[in-house]
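The block underneath contains the structure these notes are about, expressed in structure tokens.
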Amino acid sequence: MSASNPQLSIILPAFNEGAHIFANIGKVRETFLGKRSFEIVVVDDGSPDNTFAEAGRAAQQWPEVRAFRQKHNAGKGEALKRGFRESRGERVAFLDADLDIPPSQVEVLMATMDRVGADVVIGSKRHPDSNLDYPWHRKVVSYLYYLLIKLLFGLPLLDTQTGVKLFKRTALADCFPRILVKAFAFDIELLAVLHARGYRIVDAPVVIEFKGLFGMFGLRAIWDIFENTLAVFYRLRVLRYYDSYQPKTPPDPLPRVSIIIPVKCDNPMLQQSLQYCLDLNYPDFEVVVLPDEPFTHGDPRVRILPTGPMRPAEKRNRGFREATGSIIAFLDDDAYPLPHWLEEAAGNFSRPEVGAVGGPGLTPPDDPLLARVSGRIYEARMISGNYRYRYVVDRMREVDDFPSCNLIVRKQTLETLGGFGTNYWPGEDTELCLQITKKLGQKIIYDPRVEVFHHRRPSLLRHFRQLASYGLHRGSFVRVFPQTSRRLVYFLPSILSLWLLLGWLSIPLPVIGWLYPVSVTAYLLLAAASGFSTRPTLFLLTFAGIVCSHLAYGLSFIRGLLAPVVDAKHS
């Protein structure tokens, strides 16, 4: 049996399962055929092998099967979210595509849900009725993780990581938009949010055949799960991120969006950015690229508008005036968006008081070492303070200043203001945001789901030069834009720099001579804690980079504060 509104949707996230996926889909289908109306939703998470081709072959052969492909590998969590969006069932089951867990286990979960009336039923390796070949080292790992989960979240469960779960659709629809983790810690984040929002979760027995030393996980993956689990706790208990989430109702129809990318010339990072833009899950958009000199691109959605040598603000102004969209998305050429970028942003513009939306610029995980160090420095609370949300996922909020590497603005707002001011670079985005919030009285929303990956400087010397430039302009903005720049947080690196460089002069003084060595020691310990990593090289470089970044920014801030106003012509 099948139906346009099936009772059950079975979602199979798959990666590099080309050799087995067709046969496994067949086994899942045979399990439910004739028992209930169902569908099988296969999501290939950007596999480089023939997984999607084989899943597509199954979809052609069996009407209950539908296959979808993520154009880039985004993690199990994103694959499951995509599967849920494409599914139609009243109940939704997650099942690992390798079928370590027989698909018949879903029926056990269905019976449990019917019997106890739970919103969520998960398979549990530690259920007393479970049947599994469970090596001792796996028991140790599972038990330790269970203790951690119990301590952090108080979940009424003995196990959270088994790859078969069943949900009522209403529960997933409420909680899925709040979820941020894309890899294996996705499970614990989803269950923690469901529990925090009052949904009833119970467990059920399973039958499992383990593969390899740690099943599907290696030691590196286990450590990553541990770190991500602590991050979920931080967002849940400290940031209260999940409570800050505001459900969004995207405009209907979705507005046309013009993505504006100013650039000097064609380059590999621009080509990467364009490819990710063209792969966005959004129905109506264009990409407007503004290089100094012309070049060609084969996709009709990309328009190349040569400008000659021109400041970035001038390029952005020309771009939005030439744009055909009612929403303008500004993006740097060394940044690339996640698939849901525009979809998540558009939901905020259903509120008429919102003039602009920004989101975090995350460091790509495959950046070279020194670029990742640069990203970790920006992410450190000792560097970015209350503005750390620009570089990491944080709670939703209103802001009054946001960088243009990931800034999405109503075209009407830009037209009213005349676009960016062209006297400052960097800093033109500070001026624009000030005009949006103060002159027009509109809101700028920071939305953690409006994510892009932003490549960092490939050397620490270039990183320090970038920070020095930021400090120089922010110092001059204290006089030009005091509303958003005359804040203590911007002065602190300068105070610290002067103390580090000159405070030793106080050592011979009576009474306070101890202050310098004690304060410097405390500062270095805080910098070490802020840059901590279990990888020694990454830790040492980040620690040293935090100290040098304070000096680079702080001293340049003083220059900007004392010198004549710095404009784009002199930067």
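The values are calculated or read from the model by the stated rules, or taken from the named source; none is laboratory data. Note that the structure is a prediction, hence the values are computed from the model and not measured. In this analysis, Cβ positions are derived from the backbone assuming ideal geometry, glycine residues included, and neighbour counts consider all displayed protein chains.
Of all residues in segment 473-489, those satisfying the criterion of being closer than 14 Å to residue 387 by Cβ and among the hydroxyl-bearing types (Ser, Thr, Tyr) are 484, 485. Residue selection: residue 288 satisfies the criterion of being within 23 Å of residue 422 (Cβ to Cβ) and either aliphatic (A, V, I, L, M) or not assigned by TED's automatic domain parsing to the domain that holds residue 341 (or both).
Helices (runs of 4 or more DSSP H) fully within segment 347-440 that include at least 3 residues being surrounded by fewer than 18 Cβ atoms within 10 Å (Cβ to Cβ): 411-417.
Among the candidates 95, 99, 80, the residue that is in contact (Cβ under 8 Å) with a residue 60 or more places away in the chain, over 28 Å from residue 340 (Cα atoms), assigned by TED's automatic domain parsing to the domain that holds residue 170 and surrounded by 19 or more Cβ atoms within 10 Å (Cβ to Cβ) is uniquely 99. When segment 234-260 is filtered for residues that are surrounded by fewer than 19 Cβ atoms within 10 Å (Cβ to Cβ) and not in a loop (DSSP other than H, G, I, E, B), the ones remaining, listed by number, are 234, 237, 238, 239, 243, 244. Residues of segment 492-518 that are among the β-branched types (Val, Ile, Thr), in a loop (DSSP other than H, G, I, E, B) and surrounded by fewer than 12 Cβ atoms within 10 Å (Cβ to Cβ): 511, 512. Return the residue satisfying two criteria in turn: it lies in segment 85-115 and is under 25 Å from residue 16 (Cβ atoms) and assigned to a helix (DSSP H, G or I), and of such residues it is farthest from the chain's Cα centre (by Cα). Among those that are under 25 Å from residue 16 (Cβ atoms) and assigned to a helix (DSSP H, G or I), it is 105. Looking at 521, 534, which one is among the hydroxyl-bearing types (Ser, Thr, Tyr) and either touching a residue at least 12 places away in the same chain (Cβ under 8 Å) or part of a loop (DSSP other than H, G, I, E, B) (or both)? Unique residue meeting the criteria: 534. Please pick out the residue among 489, 547, 450, 478 that is loosely packed, with under 15 Cβ neighbours inside 10 Å and either assigned to a helix (DSSP H, G or I) or among the aliphatic types (A, V, I, L, M) (or both). Selected residue: 489, the only one of 489, 547, 450, 478 that is loosely packed, with under 15 Cβ neighbours inside 10 Å and either assigned to a helix (DSSP H, G or I) or among the aliphatic types (A, V, I, L, M) (or both).
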